[in-house]
Amino acid sequence: MNAPSPILDAEERLARLTGEARERAFPNLRPKDAATLVILDKTGQNPRILMGKRHANHRFMPGKFVFPGGRIEPGDARVPVAGHLAEGVLGALTTRVPRPSLTRARALALAAIRETYEETGIIIGQARTALHAEKFGKNWAAFLGTGYQPDLSPLAYFARAITPPRRPKRFDTRFFVVETKAIAHQVPDVVNEDSELTELRWLTLAETAALPLPAITRVMLAELEGMLEAGGPHHGMPVPFYFERRGRFCREMIG
């Protein structure tokens with residue numbers, strides 16, 4: 001049997017998310033703010049993206065291939081940056097949220113960069129004079145200790161999704177994308193058999209079809225395809241927003 005294509009039209013994306021089997025026996029938690037970073041290599045004939053395989057012992061999505069990312073942590077809003085988010089990105093990040101905040105928008109982008117560094121060793125930043133890293137909390141000490149500051153200016157915002165109710169973990173995730181030319185450095189030996197991501201792969205969209213992927217990740221791959229066909233990534237793109245309403249997934253556009 002052929003592996004499913006990652007390229008789904010809008011109706012197929014919603015049907016896949018709505019139809020995914022999910023256990024709903026958990027307390028209904030408030031979603032936590034989270035962010036993911038898709039790193040895109042457009043140097044070859046076929047664009048490739050970086051994906052990592054989650055450790056088999058993880059409770060949440062064990063053994064699945066995902067984009068680097070995680071939730072906001074203390075200190076994410078306070079870290080000095082070498083470049084700021086574009087106005088179009090800020091505008092989309094502060095739309096369709098209960099209490100719009102530029103600080104929160106900035107923290108989301110910084111969380112995506114920090115988590116990517118922690119999980120892959122990749123630094124999206126610029127070289128700067130060493131800072132007193134301890135001032136910005138333990139979550140940023142290692143990154144800032146490399147002699148780089150995070151750079152938000154290359155990040156584009158391309159999607160948002162909220163985990164359905166009564167799941168063991170719930171996230172309100174913002175998906176950012178950046179091209180490989182924004183990579184300033186990569187720390188070696190971060191990924192190994194005992195780390196959160198045990199394997200990294202650069203893959204074309206077609207190659208992702210055979211991987212074990214969460215439904216939302218496959219949907220985001222379809223969104224990436226559409227973005228590339230439209231000439232992206234670029235700042236100020238309309239952002240698809242996925243959420244569940246009355247048991248069915250919806251897709252609305254932000255911006």
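The values are calculated or read from the model by the stated rules, or taken from the named source; none is laboratory data. Since we're looking at a predicted model, the values are computed, not measured. Please note: Cβ atoms are built from the backbone with ideal geometry, for glycine as well, and neighbour counts cover all protein chains shown.
Considering only residues of region 115-135 that are farther than 30 Å from Gly236 by Cα and not acidic (Asp, Glu), which is modelled with the highest pLDDT? Across region 115-135, the extreme among qualifying residues is Lys135. When you look at Phe176, is it touching a residue at least 12 places away in the same chain (Cβ under 8 Å), of a type outside the set (Ser, Thr, Tyr) and crowded, with 21+ Cβ neighbours inside 10 Å, yes or no? Against the criterion (touching a residue at least 12 places away in the same chain (Cβ under 8 Å), of a type outside the set (Ser, Thr, Tyr) and crowded, with 21+ Cβ neighbours inside 10 Å), Phe176 qualifies. For residues in region 220-237 being in a loop (DSSP other than H, G, I, E, B) and free of Cβ contacts under 8 Å to residues at least 40 places away in the same chain, which is surrounded by the fewest Cβ atoms within 10 Å (Cβ to Cβ)? Within region 220-237, the match that is surrounded by the fewest Cβ atoms within 10 Å (Cβ to Cβ) is Gly231. Only a single criterion out of (1) without any contact (Cβ under 8 Å) to a residue 24 or more places away in the chain; (2) out of contact with any strand residue (DSSP E or B) (no Cβ under 8 Å at 6 or more places or on another chain) is not satisfied by Arg248, namely (1).
Here's a check for you: in region 196-210, which residue that is farther than 20 Å from Gly226 by Cβ and buried (at least 16 other Cβ atoms within 10 Å of the Cβ) is modelled with the highest pLDDT? Filtering region 196-210 for residues that are farther than 20 Å from Gly226 by Cβ and buried (at least 16 other Cβ atoms within 10 Å of the Cβ), the one modelled with the highest pLDDT comes out as Leu200.
When the residues of region 59-71 are narrowed to those that are touching a residue at least 60 places away in the same chain (Cβ under 8 Å) and assigned to a loop (DSSP other than H, G, I, E, B), which ends up surrounded by the fewest Cβ atoms within 10 Å (Cβ to Cβ)?
Let us first name the residues in region 59-71 that are touching a residue at least 60 places away in the same chain (Cβ under 8 Å), namely 59-61, 63-69, 71.
If we keep only those that are assigned to a loop (DSSP other than H, G, I, E, B) too, we end up with 59-61, 63-64, 67-68.
On the way: Arg59: 7, Phe60: 12, Met61: 16, Gly63: 12, Lys64: 17, Phe67: 24, Pro68: 25.
Top of the filtered list is Arg59.
The rows are residues; the columns are (1) assigned to a loop (DSSP other than H, G, I, E, B); (2) not hydroxyl-bearing (Ser, Thr, Tyr).
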{"position": "Arg24", "(1), (2)": "yes, yes"}
{"position": "Asp33", "(1), (2)": "no, yes"}
{"position": "Ile39", "(1), (2)": "no, yes"}
{"position": "Asn57", "(1), (2)": "yes, yes"}
{"position": "Glu73", "(1), (2)": "yes, yes"}
{"position": "Val97", "(1), (2)": "yes, yes"}
{"position": "Arg106", "(1), (2)": "no, yes"}
{"position": "Ile113", "(1), (2)": "no, yes"}
{"position": "Thr116", "(1), (2)": "no, no"}
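Among the residues of region 13-51, the ones that are without any contact (Cβ under 8 Å) to a residue 24 or more places away in the chain and within 19 Å of Glu223 (Cα to Cα) come to 2 in all. Residues considered: Leu102, Leu144, Leu93. Of these, the only one that is under 18 Å from the mean Cα position of the chain (by Cα) and either in contact (Cβ under 8 Å) with a residue 40 or more places away in the chain or over 27 Å from Ala206 (Cα atoms) (or both) is Leu93. When region 238-254 is filtered for residues that are in contact with a Gly (Cβ under 7 Å, 6 or more places away or on another chain) and crowded, with 16+ Cβ neighbours inside 10 Å, only Val239 remains. Screening Gly75 with (1) touching a Leu at 6+ places or on another chain (Cβ under 8 Å); (2) closer than 30 Å to Gln149 by Cβ; (3) modelled with pLDDT under 95 gives one miss only, at (1).
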